[in-house]
Amino acid sequence: MVHCAGCKRPILDRFLLNVLDRAWHVKCVQCCECKCNLTEKCFSREGKLYCKNDFFRCFGTKCAGCAQGISPSDLVRRARSKVFHLNCFTCMMCNKQLSTGEELYIIDENKFVCKEDY
């Protein structure tokens, strides 16, 4: 009898999925974070399954502004060796979102002030 790697119960269904060289019920192949069904592609770490967004949020590059994960689909800004979400790349005085090529001043490595507020 084959047991599911997700729920540990026997697989009596007509079909099963083979993920990470283990058998799974179709309904048990889901992201361990958001619980969405993983029907086409999945990512894994330490035997756990993740959707693309949650995998990169948990294990990918972190934003230097908010320390949250940066998804491959997120638009970013770079300053020196750091990466920021667009929403985190703002003037700390007026909260204006700073654009590529705009003159700015770096404060404490992860904070910025626009030219006008400086």
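The values are calculated or read from the model by the stated rules, or taken from the named source; none is laboratory data. Here the structure is a predicted model, which means the values were calculated and not measured. Cβ atoms come from the backbone with ideal geometry, glycine included; neighbour counts cover every protein chain shown. For accessibility, only protein heavy atoms count, side chains too; no ligands or nucleic acids. Shrake-Rupley method; radii C 1.70, N 1.55, O 1.52, S 1.80 Å.
For region 93-102, what are the residues that are of a type in the set (A, V, I, L, M) and more than 25 Å from the chain's Cα centre (by Cα)? Lay out the reasoning, then the answer.
Here is the first cut: in region 93-102, the residues of a type in the set (A, V, I, L, M) are 93, 98.
Within region 93-102, M93 is the sole residue that qualifies.
Is region 72-82 home to any residue that is part of a loop (DSSP other than H, G, I, E, B) and among the basic types (K, R)?
Residues of region 72-82 part of a loop (DSSP other than H, G, I, E, B): 72-75, 80-81.
After this cut, where a residue has to be among the basic types (K, R) as well, the list is 80.
Within region 72-82, one or more residues are part of a loop (DSSP other than H, G, I, E, B) and among the basic types (K, R).
Can you tell me how many residues in region 23-78 are over 16 Å from the mean Cα position of the chain (by Cα) and open to solvent by 90 Å² or more (accessible area, probe 1.4 Å)? Summing the residues that are over 16 Å from the mean Cα position of the chain (by Cα) and open to solvent by 90 Å² or more (accessible area, probe 1.4 Å) in region 23-78 gives 6. Scanning region 109-118 for residues that are within 12 Å of A79 (Cβ to Cβ) and assigned to a loop (DSSP other than H, G, I, E, B) gives E109, N110. When restricted to residues that are of a type in the set (D, E) and modelled with pLDDT under 90, region 22-45 contains 1. Would it be correct to say that M93 is modelled with pLDDT under 90, open to solvent by 60 Å² or more (accessible area, probe 1.4 Å) and touching a Pro at 6+ places or on another chain (Cβ under 8 Å)? Answer is no for this residue. Looking at region 20-33, can you tell me whether even one residue there is closer than 24 Å to N110 by Cβ and either among the charged types (D, E, K, R) or touching a Leu at 6+ places or on another chain (Cβ under 7 Å) (or both)? Checked region 20-33: no residue is closer than 24 Å to N110 by Cβ and either among the charged types (D, E, K, R) or touching a Leu at 6+ places or on another chain (Cβ under 7 Å) (or both).
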